[in-house]
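Accompanying notes for the structure given below.
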Amino acid sequence: IDAGHGGEDGGAVSVTGEAESQINLAIACKLEDILAFYGTVPAMLRREDISLHDQTANTLREKKVSDLHNRVAMVNGISNSILLSIHQNSYHEEYVKGAQVFYYEKSKDGQRLAQILQRGFDRVLGEENTRQAKANDQYYLLLHTSCPVVIVECGFLSNHEEASRLAEEGYQEQLA
């Protein structure tokens with residue numbers, strides 16, 4: 001489980017002032033607890049609000065690049081894995097909302113996993129969630145990870161209603 005961003009790279013900031021990295025981490029930790037309850041011990045890429053960059057990285061850009069490379073290396077070092085990378089979305093129009101799962105367009109396993117997770121969001125979030133699983137060939141994690149991988153965008157931090165819910169522990173548990 002990858003709680004996206006962290007440390008100096010807080011990701012997007014919600015309209016209510018919450019850093020994406022904090023929400024990602026909260027949802028990822030809740031997901032870890034749920035999976036452990038069912039007997040699966042997931043590997044967590046981070047359990048605290050830190051960046052996973054090399055100490056030789058100095059600028060924010062260098063740290064972000066190093067962080068992504070290290071995440072990929074960590075995941076590729078785990079045999080028989082599936083990567084769930086937890087994120088929050090943002091858009092310039094406030095009305096946009098909903099959970100959406102991205103997968104690498106050439107990965108049939110990633111596509112299947114994304115569609116299963118998207119249906120789960122639809123069940124949990126109801127008819128309001130109109131987003132669909134979507135192929136993507138731009139995200140570094142999708143392109144360079146050797147296992148099936150999905151990027152799970154749990155909601156839009158740019159939507160006031162959704163941003164408020166994303167900061168609530170009960171809603172985070174529902175998403176997990």
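The values are calculated or read from the model by the stated rules, or taken from the named source; none is laboratory data. As the structure is a computational prediction, the values presented were derived from the model and not from experiment. When we count neighbours, we look across all protein chains shown, and the Cβ atoms used for this are built from the backbone with ideal geometry, even at glycine. Quick note on the areas: whole protein, heavy atoms, side chains included, nothing else; ligands and nucleic acids left out. Shrake-Rupley method; radii C 1.70, N 1.55, O 1.52, S 1.80 Å.
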As straight-line cross-link partners of Lys108, the qualifying lysines (C-alpha separation under 26 Å, not fewer than 8 residues apart within one chain) are Lys134
For the range 70-111, the Cα-Cα pair-distance distribution in 10 Å bins from 0, as whole percents, is 20, 41, 27, 11, 0
Rh (Kirkwood, all Cα-Cα pairs) for the range 68-151, Å, reads 13.5 Å
Computed over the range 14-164, the relative contact order (Cα-Cα under 8 Å, seq sep at least six) in percent reads 30 percent
Exposed-loop cut sites defined as trypsin sites (Lys or Arg not before Pro) in DSSP loop states with at most 14 other Cβ within 10 angstrom; longest site-free run of the chain spans 107-176
Cα extents of the range 28-76 per principal axis, largest first, Å, are 41, 22, 13
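Please give the charge dipole size of the range 82-159, origin at the Cα centre, charges +1 on K and R Cβ atoms and -1 on D and E Cβ atoms. Round to the nearest 20 debye. Can you show the working numbers first?
Working: 8 positive and 9 negative charges, 62 e Å.
My answer is approximately 300 debye.
If you scale each eigenvalue of the Cα gyration tensor by 5 and take the root, what three semi-axes come out for the chain, rounded to whole angstrom and sorted largest first?
On the way: eigenvalues 104, 79, 52 Å².
Ellipsoid semi-axes (Å, largest first): 23, 20, 16.
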antiparallel share of DSSP beta bridges within the chain, to nearest 5, in %, is 35 percent
If every Lys and Arg gets +1 and every Asp and Glu gets -1 at its Cβ, then about the Cα centre the chain yields a dipole, in debye to the nearest 20, of 660 debye
Per-residue ellipticity at 222 nm attributable to helices in the chain (runs of n ≥ 4 DSSP H, -39500 (n - 2.57) apiece, nearest 500 deg cm²/dmol) works out to -12500 deg cm²/dmol
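At a 1.4 Å probe radius, which order do Tyr140, Tyr38, Tyr171 fall into by accessible area, largest first? Could the numbers behind the result be given before it?
Numbers: Tyr140 70, Tyr38 170, Tyr171 20 Å².
So the residues, ranked largest to smallest area, are Tyr38, Tyr140, Tyr171.
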Quick calc: nm separation of the 7 Å Cα→Cβ label points for Glu169 and Arg47 -> 1.8 nm
